[in-house]
Amino acid sequence: MTTTLQPPATPAASAPDGLSARTPRRVGFGSTLSAWDLKLSPYLYISPFFVLFLVTGLFPILYTGVISFMDWDQIRGSGTFVGFDQYAYVLSQPAFWDALRNTFSIFVLSTVPQLILAVFIAAMLDQNIRAKTLWRMGVLVPYVMAPVAVALIFSNMFGDQYGIINTLLARFGLPGVGWHSDAFASHIAIATMVNFRWTGYNTLILLAAMQAVPREYYEAATVDGAGKVRQFFSITLPSLKPTLIFVIITSTIGGLQIFDEPRMFDQSGTGGSDNQWLTISLYLYNLGWGEWNFGRAAALAWILFLIILVIGAVNLFVSRSLVRDEGSRDGLTRAQRRAAARAARQRLAASTGKDVRP
């Protein structure tokens, strides 16, 4: 009987500290490229917006700021530096203060009723009604209409001599309204045009926010005996705070830049014979393309830009105060929650003897 003996296999040299030997992994070009793609691809995805904003937004703003300090000649494409003379001239003109007053008047007359009506219509469309899609599409029809078509419709309604509204007033024995001669009446007419165009747009935004509210809240409120009105003011409106702030800010910016409706309110498009409905944007257009003084127009554009920044800062302050308790159930403000967290860290540090930092 023959026995074949094989020598035992030689164990691999053991690694220090009891660790098994491991072949080093080679990092190839593909892995490096994948890592760079993971880091850079998010910035590449969002870069088109910033490139377009740089070309069509930031550069015109800065270029307009340069022109505002010059007596600019559009034909030669150059100008003479005059400092703040253009700003001083614009601020010294009575037409500027008329335009500022008219702009804020039209803004208030259009924005406040518009938002109230948009919330009401959105609440109606959020109910279980028939043909919901048809009604939702219907409220957006005025928004997609051309501003020229809207101007033609409302020019027939608010005509001084043969307008529909004055004709109806005459049938009831009431005097007609001077929609083009009286400043406040012209503001109401222009604000009506703005409300007609933009109420549906804001309605759909608010409707989307209402549909995001969990239905369980309404079911629990119904079980507790809360009616529709109580549910609206206790559940719907508090949930709409962030969306309402967004709508208010965008409506403020759009209201201060209003141009189409005053421009097409009459045939001349200059804001009235006595600046009855002259707005800042329309006054800017008259300075630039009416008087061909682009330095003064640029100065007025920057004044309007600063006004919008101030109003935006006020809206930001108001929005922070409105949403200070949004998303929390304890009813505490942000400062109170920070103080409570700070006190909890101090108690934890005292119990463990270690410095606990956030």
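The values are calculated or read from the model by the stated rules, or taken from the named source; none is laboratory data. Since we're looking at a predicted model, the values are computed, not measured. All Cβ positions, glycine included, derive from the backbone under ideal geometry; neighbour counts span all protein chains shown. Keep in mind that these areas ignore ligands, DNA and RNA; they rest on the heavy atoms of the full protein, side chains included. Shrake-Rupley method; radii C 1.70, N 1.55, O 1.52, S 1.80 Å.
Working note: Karplus 6.51/-1.76/1.60 with θ = phi - 60° gives segment 338-345 the couplings 5, 5, 5, 5, 5, 5, 5, 5 Hz, where Gly and Pro are set to x. Identify the residues of segment 57-83 with backbone N under 20 Å of a label point that sits 7 angstrom from the Cα of ALA313 along the Cα-to-Cβ direction, or state none. The answer is 62, 65, whose backbone nitrogens lie closer than 20 Å to the label point. Applying 1/(1 + (r/R0)^6) with R0 = 22 Å to the Cβ-Cβ distance of MET157 and GLN267, what FRET efficiency is obtained, to the nearest 0.05? It comes to 0.85. Phi angles of segment 96-108 translate, via the Karplus equation with coefficients 6.51, -1.76, 1.60 and θ = phi - 60°, into HN-Hα couplings of 5, 6, 5, 5, 5, 5, 5, 4, 5, 5, 5, 4, 5 Hz per residue; Gly and Pro are given as x. The H on the amide N of MET70, modeled in the peptide plane, is under 5 Å from the matching H of VAL82, each at least 5 residues off or on a different chain.
Work out the FRET efficiency for GLN127 and ALA221 from their Cβ-Cβ distance, taking R0 = 25 Å, and round it to the nearest 0.05. It would help to have the intermediate numbers written out before the result.
Numbers: r = 15 Å, r/R0 = 0.60.
Between GLN127 and ALA221 the formula returns 0.95.
A crude spin-label estimate for the pair PHE50 and PHE305, with each label 7 Å from Cα along the Cβ direction, gives 2.0 nm. On segment 261-322, 64 percent of the accessible area sits on carbon and sulfur atoms, based on a 1.4 Å probe. Across segment 160-168, coupling constants 3J(HN,Hα) worked out from phi with the 6.51/-1.76/1.60 Karplus curve, θ = phi - 60°, read 5, 9, 10, x, 5, 5, 5, 5, 5 Hz, and Gly and Pro carry x. The H on the amide N of GLY79, modeled in the peptide plane, is under 5 Å from the matching H of ASP73, each at least 5 residues off or on a different chain.
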